[in-house]
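Please treat every number below as a calculation from the coordinates, not as lab data. Bear in mind that the values here come from a model prediction, so they are computed numbers and not experimental data. Neighbour counts are summed over all protein chains in view; Cβ atoms, including those assigned to glycine, are modelled from backbone coordinates with ideal geometry.
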Amino acid sequence: MSDYSARVGELFDDQLKGWDLARDNYRQLDNVMTRKFSYPCFDLFVQFNPGRITSSAAKVDARSIEARPCFLCEKNRPPQQRGVAYEDDFVILVNPFPIFRRHLTIVSESHTDQRIAPNFVTMLDLARCLPEYSVFYNGPQCGASAPDHLHFQAGNRGFMPVEQDFGKKPLCTLQAANEGIELWSWEEYRRGIMTLRGTDRYALMRAFEKFYLRFELMQPDRPEPMLNIITCYSDGNWIIHVIPRKLHRPSCFFAEGKDKIVLSPASVDMGGVLITPREEDYLKITSRDINDILDQVCLTEDEIESLTSDII
Ligand SMILES: [Zn+2]
């Protein structure tokens, strides 16, 4: 496995020089506004990012998906968009609608459904090949705006608070450890998260599979159990945050008038940066709204405990 940092760095330089849309949208990040909400042991941020409206408000029902040309298929991508081939079957692209200063979309070369079970190992390998990035996965019903085309995203490390919060006491507790793998739990973090950390790629895959099969029993009617995953590779260890979900979008997303808040939670929101593409929502959202949204879409810490006991 080689380090793709240099090639991806060149891709960014090239695209920000030669592709107006990308250059303008990355420049716009200078104007993004952020509010901080402090909790006893951590902070959450709300970011006003109008460039994300297409993604946040994307219609992802089967009929709408079928009716549109897939924007991740090569034949429909903008002609200015270049990529770096990753292995035989993926291409690394600059995301032209960024949240991060460095925001990538890593797209399967074939138009195939967004599914994590057969592709979890690809995510681990990507994280190792992109050590400056957190690689994340949005399930087909948890924020992926192309649920019919397999893809991951990656953003420069240090942006999502979950990265710094991991390991902090009293938020995080080591639940179990085996050779090359650890299972960590979270407390009072407002959203149920399971974290795996370790050097043993195979043990991590096996633990994720056990968790997945157990979670699948809770959501048998879904294409896959609902989840977001954020992973990075640091000091020889993978750190994998799995955020199981019970709902895609909270009730305020569908409300009318003053109760409406367009916030469609996906990995970055779960990582601690909630994206509001409408300024009015950014200005009016309260910590009560945030708590309500997280309660609606996430599992409780007790539910996480029952899903993760004895998986390693
Ligand atoms: Zn496609």
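Annotations
- Every condition in (1) within 19 Å of I275 (Cα to Cα); (2) within 16 Å of the ligand (Cβ to nearest atom) holds for G155 except the one numbered (2).
- Residue match in segment 225-232 (condition: surrounded by fewer than 20 Cβ atoms within 10 Å (Cβ to Cβ) and out of contact with any His (no Cβ under 6 Å at 6 or more places or on another chain)): no
- Selection status of D148, charged (D, E, K, R), touching a residue at least 40 places away in the same chain (Cβ under 8 Å) and in contact with a helix residue (DSSP H, G or I) (Cβ under 6 Å, 6 or more places away or on another chain): yes
- Pair list, Cβ under 9 Å, 6 or more apart: segment 1-20 residue touching a residue at least 60 places away in the same chain (Cβ under 8 Å), other residue among the small types (G, A, S) and outside any helix (DSSP H, G or I): V8/A154; L11/G83
- Residue pairs whose Cβ atoms lie under 7 Å apart, sitting 6 or more positions apart in sequence or on different chains, and linking a residue in segment 159-180 that is within 30 Å of P98 (Cα to Cα) and in contact (Cβ under 8 Å) with a residue 60 or more places away in the chain to a partner that is among the acidic types (D, E) and surrounded by fewer than 18 Cβ atoms within 10 Å (Cβ to Cβ), are P161/D43; L171/E187; L171/E188.
- Taking the numbered list (1) away from the ligand (no atom under 16 Å from the Cβ); (2) under 17 Å from the mean Cα position of the chain (by Cα); (3) part of a loop (DSSP other than H, G, I, E, B) in turn, K168 passes all entries but (2).
- Selected residue [part of a helix (DSSP H, G or I) and within 20 Å of V268 (Cα to Cα)] from Q47, Q28: Q28
- Any hit, segment 129-150, residues being under 13 Å from the mean Cα position of the chain (by Cα), of a type outside the set (A, V, I, L, M, F, W, C), in a loop (DSSP other than H, G, I, E, B) and buried (at least 23 other Cβ atoms within 10 Å of the Cβ): yes
Conditions (1) within 26 Å of T54 (Cβ to Cβ); (2) aromatic (F, W, Y); (3) not in a loop (DSSP other than H, G, I, E, B), marked per residue:
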residue: R197; (1), (2), (3): no, no, yes
residue: E209; (1), (2), (3): no, no, yes
residue: L213; (1), (2), (3): no, no, yes
residue: I229; (1), (2), (3): yes, no, yes
residue: C252; (1), (2), (3): yes, no, yes
residue: L274; (1), (2), (3): yes, no, yes
residue: I290; (1), (2), (3): yes, no, yes
residue: I293; (1), (2), (3): yes, no, yes
residue: I311; (1), (2), (3): no, no, no
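- Residue selected from segment 61-99 under the condition in a loop (DSSP other than H, G, I, E, B), crowded, with 16+ Cβ neighbours inside 10 Å and away from the ligand (no atom under 15 Å from the Cβ), by the criterion nearest to the chain's Cα centre (by Cα): I99
- Cβ-Cβ under 9 Å pairs, at least 6 apart or on other chains, segment 57-76 side closer than 23 Å to T276 by Cβ, far side more than 14 Å from the ligand (Cβ to nearest atom) and part of a helix (DSSP H, G or I): A57/F253; A58/S64
- Check on S55, in contact with a Cys (Cβ under 7 Å, 6 or more places away or on another chain) and either hydroxyl-bearing (S, T, Y) or in a helix (DSSP H, G or I) (or both): no
- Selection within segment 103-149 - within 16 Å of the ligand (Cβ to nearest atom), within 19 Å of R245 (Cβ to Cβ) and among the aliphatic types (A, V, I, L, M): A144, A146
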